[in-house]
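Please read through the structure below; I'll follow up with questions.
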């Protein structure tokens, strides 16, 4: 399919809205779904940079990001279980005595404030 299937990208000051009005089923994949959502400008820049790493394929970047998020969730659950089974065990501090990034990321629940703001805005838009 050429560029005739793509529509313009709508941009506002709160984030990006990216959509395609015409899309065929991706080749070789039976169980796919189209995603339409709002993300912040910063998130879009990051996703576009990730797409550039994958030959400019925004769909591939989104799929890989979702896969990575699922892996992170599994790692967090595994770490939580490990800590319950061995409460005295911790990831050692780095050479400067600081917490390692890994330990911090496995311990904190994510709730990005920009994401929360967009969710609240979407709820109010739906009313």
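Please treat every number below as a calculation from the coordinates, not as lab data. This structure is a prediction, so every number in the text was calculated from the model and none was measured.
On a full-extension model of 0.36 nm per residue, what is the gain between residue 66 and residue 42, subtracting their alpha-carbon distance, rounded to one decimal in nm?
6.9 nm
Full-extension gain between residue 124 and residue 31, please, as 0.36 nm times their residue separation minus the C-alpha to C-alpha distance.
30.3 nm is the gain from fully extending residue 124 to residue 31.
Sticking with this structure for a sec: Per the Kirkwood treatment, what hydrodynamic radius in Å, one decimal, follows for segment 41-110 from the mean inverse distance over all distinct Cα pairs?
Here the Kirkwood hydrodynamic radius works out to 14.3 Å.
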